[in-house]
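Structure first, then comments.
The values are calculated or read from the model by the stated rules, or taken from the named source; none is laboratory data. This one's a predicted model, so the numbers in the text were calculated from it and none came from an experiment. Using ideal geometry, Cβ is built from the backbone for each residue, glycine included, and neighbour counts are taken over all protein chains shown. Only protein heavy atoms, including side chains, enter the accessible area calculation; ligands, DNA and RNA are left aside. Shrake-Rupley method; radii C 1.70, N 1.55, O 1.52, S 1.80 Å.
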Amino acid sequence: MNTILAKSILGVAGLAFTGGVFAGPVAAHAADTTHTKPVAVAVQGDKLIPHGVQGEQSRIDLNDEQTANVKAIIAATKKAGMDERAAVVSIATALQESKLENLGHLGDRNDHDSQGLFQQRPSSGWGTVEQITDPEYSTTAFLKGLKQVDGWQDMPLTKAAQTVQVSAYPDHYAQWEQQAADLVAQHWNK
């Protein structure tokens, strides 16, 4: 009888441990409010962050220009007939590439001839300098690339963004997913 009881206790302890391993990080992240603003979590889970965020999340305070660029990305996404998830991928990409600043040529600090919100390159066929520094045009160009990625809706954000951008730092897009989702939740219906 003691053996059966001991095995039962160990089995329950093992389940509790396994449950804690799998639920612990999710629960710990959900309780972390230092990096998140209150938003409709059910909507985020289903549409905006269908795979959950990957890794540590970064967040920056936005100025008026950056907020206007968020709104331009959302407007271009709607105009392209794409959903909120496409806007999240776009905004996270622009956060990584330019911190949502419409960057012109940066001289010696520039990565090749990359410019605009998405650091697109005229020499790579993204458009002219005037086009890629126009938020609507650059977003539409990014979204056109995203539409060509088979199954992008079912990929982690960083993989979808990387497939379009072909960055030297493919995993860096993931750190902006939570802030991008918060911004879409905040501005999509405005």
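Observations, loosely collected:
- Test result for THR163, of a type in the set (Val, Ile, Thr), outside any loop (DSSP other than H, G, I, E, B) and open to solvent by 30 Å² or more (accessible area, probe 1.4 Å): yes
- Scope region 142-181; condition of a type in the set (D, E, K, R), at pLDDT 95 or above and out of contact with any helix residue (DSSP H, G or I) (no Cβ under 8 Å at 6 or more places or on another chain); matching residues: LYS144, LYS147, ASP150, LYS159
- Residues within region 121-140 that are in contact with an Asp or Glu (Cβ under 7 Å, 6 or more places away or on another chain) and in a loop (DSSP other than H, G, I, E, B), tallied: 1
- Residue in region 99-119 that is small (Gly, Ala, Ser) and closer than 23 Å to ARG59 by Cβ present: yes
- Single match in ILE132, ILE91, ILE74 (criterion: among the β-branched types (Val, Ile, Thr), free of Cβ contacts under 8 Å to residues at least 24 places away in the same chain and surrounded by 23 or more Cβ atoms within 10 Å (Cβ to Cβ)): ILE132
- Taking the listed residues THR140, THR158, the one that is of a type in the set (Ser, Thr, Tyr), closer than 23 Å to LEU62 by Cβ and open to solvent by less than 30 Å² (accessible area, probe 1.4 Å) is THR158, with no other qualifying.
- Remark: THR158 falls outside the filter, which requires a residue to be touching a residue at least 40 places away in the same chain (Cβ under 8 Å), out of contact with any Pro (no Cβ under 7 Å at 6 or more places or on another chain) and under 12 Å from SER90 (Cα atoms).
- Single residue of region 82-120 satisfying the filter (among the charged types (D, E, K, R) and either modelled with pLDDT of 90 or more or assigned to a loop (DSSP other than H, G, I, E, B) (or both)) that is nearest to ASP64 (Cα to Cα): GLU101
- Top-ranked residue of region 47-81 - restricted to ones that are touching a Lys or Arg at 6+ places or on another chain (Cβ under 9 Å) and assigned to a helix (DSSP H, G or I), ranked as farthest from ASP154 (Cα to Cα): GLN66
- Hey, VAL129 touching a Leu at 6+ places or on another chain (Cβ under 8 Å) and β-branched (Val, Ile, Thr) or not: no
- Just one of (1) of a type outside the set (Asp, Glu); (2) under 27 Å from LYS47 (Cβ atoms); (3) in a loop (DSSP other than H, G, I, E, B) fails for VAL184. It is (3).
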